[in-house]
1. Note down the net charge around residue 283, summing +1 for each Lys or Arg and -1 for each Asp or Glu among other residues with Cβ under 12 Å from its Cβ.
2. Using the reciprocal of the averaged 1/r over all distinct C-alpha pairs, how large is the Kirkwood radius of the chain in Å?
3. Run the dipole for the chain about the Cα centre, Lys and Arg Cβ at +1, Asp and Glu Cβ at -1, nothing else charged, and hand back the magnitude in debye, nearest 20.
4. Setting aside same-chain residues fewer than 8 positions from residue 329, which aspartates and glutamates have a Cα under 12 Å from its Cα?
5. For segment 380-392, what does the Karplus curve 6.51 cos²θ - 1.76 cosθ + 1.60, with θ = phi - 60°, yield as ³J(HN,Hα) per residue in whole Hz, taken in order and with x for Gly and Pro?
6. How high is the relative contact order of segment 1-91? Use alpha-carbon pairs under 8 Å, at least six apart in sequence, and give a whole percent.
7. Using square roots of five times the C-alpha gyration tensor eigenvalues, list the equivalent-ellipsoid semi-axes of segment 167-247 in whole Å, biggest first.
8. Specify the inter-centroid distance of segment 248-279 and segment 336-383, based on alpha-carbon positions, in whole Å.
Amino acid sequence: MNLCVLGAQWGDEGKGKIVDLLTPRFSIVARYQGGHNAGHTVYVKGRKFVLHLIPSGILHPGICCVIGNGVVVDPSALFAELDELAGMGVSIDGRLFVSDKAHVILPYHRELDILAEARRGEQKIGTTSRGIGPAYEDKIARRGIRIGDLADESPDGALAIAVRENVAARNRVVGNGDMKWPDVLASLRQAWTRLKPLVRDTSLYLHREMAGGKRVMFEGAQGTLLDIDHGTYPYVTSSNSTAGGAATGLGVGPSSIGKVLGVAKAYTTRVGGGPFPTELLGEAGERLRETGQEYGASTGRPRRCGWFDAVIVRYAARVNGLDALAITKLDVLDDLETLELCTAYRCGSETLTEMPSDVAQLSACQPVYETMPGWTEPTRGVTDFAKLPTNAQNYIKRLEELSGVKAAIVSTGSDREHTIVRGELLNN
Ligand code: IMP
């Protein structure tokens, strides 16, 4: 059975650790959307690895990794990551494949991202400034440049024309309109020499491997509430981070996805702008941020922190068809006298138990909380559910009830070993 692992909140749920933990059950790990806006942190034997584009499965020798057509690739970011992995002794030879249909993040996409944010003023999204949105804009506008297009070496071929036209469009928008298209073309040609051995029709590759009995894990980036269609639009990223994105972002049929595992923190965080009903602005939020080390893996920005919101996780269960949850960072909640769980929203005179579609309505919502007793015994490193303090067990059980999904995994620390794996769900 294949498995899709994705974020059930606003990203940063700890997917990197969960993917890394489950990788030995699979032959291939395939990333389906986003770009180097993501930051997947994995600790292996005390060593920290931060991956942005390459699936975390790469840390396991013998596992093949795919960067699918739904991903936007900045070649320089990919090369920097490859160099870093090489420096840490991780070889990718013959086991990393990049889709020829993935779109390229061009040097000026980053500038356009920053410009668009400046124009939004107070309403800014708080993007990662990696050029993700503008690259997807070009894709949807049908003027993007795909990795496979870089193979065109002709001086006046389709690639040269596309680069010339796109740079001219950029120069009309950006104040210092003097970017030289031949320079951009030259940098793309140079990138191609390094990319070429990695590039292939990854949809065909996955089909052949799956037909031969290989199991695939589909890796999502960001989270459900950042999905371009189902997230808190417009405070979202520009791709489909939900389970459906795995099919379109890799060129596999929905029926081959298998099961879907949603990763959620035992509390909630968000980076950037947009509504966050359970956000804690005072000391309590600061405590979660410091204890959980809630700073962006890609940008270093402090994350906004708050209580677990069962409304959004229940929503994530619906739009992704979640089969199970992986609850991460339970240990961050150790030593709290009481915990609040958001069960619904109060909006004017209405009580909402389902996620509203309208971001203005969500912004006006107040969380309805249920208070639970905390625990003083440490949960860090616990590997058996029955050995968790009773109140921690009850917290997880209540969170499962409210979300409507069972927790197949509970993470109690950053290391691979700090994990409780429960139930048969992941074993068939
Ligand atoms: P973009 O993806 O850089 O366009 O940013 C859009 C929104 O998604 C911003 O709120 C970012 O903070 C957020 N975002 C993008 N990638 C991640 C991530 O990997 N984790 C958490 N938030 C992210």
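The values are calculated or read from the model by the stated rules, or taken from the named source; none is laboratory data. Bear in mind that the values here come from a model prediction, so they are computed numbers and not experimental data. Here the Cβ positions follow ideal geometry from the backbone for every residue, glycine too, while neighbour counts run over all protein chains shown. Note: accessible area is taken over every heavy atom of the protein model, side chains too, but ligands, DNA and RNA are not part of it. Shrake-Rupley method; radii C 1.70, N 1.55, O 1.52, S 1.80 Å.
1. Values: positive: 287, 289; negative: 286, 290.
Value of the local net charge: 0.
2. On the way: mean 1/r = 0.0451 Å⁻¹.
By the Kirkwood definition, the hydrodynamic radius is 22.2 Å.
3. Working: 48 positive and 50 negative charges, 169 e Å.
In debye, rounded to 20, the chain gives about 820.
4. Leaving aside aspartates and glutamates fewer than 8 places away in the same chain, those within reach of residue 329 are 12, 13, 294, 415.
5. Using θ = phi - 60°, the values come out as 4, x, 5, 10, 10, 4, 5, 8, 6, x, 3, 5, 6 Hz.
6. After rounding, I find 28 percent.
7. On the way: eigenvalues 218, 126, 13 Å².
So the three semi-axes of segment 167-247 are 33, 25, 8 Å.
8. Here the two parts' Cα centres lie 18 Å apart.
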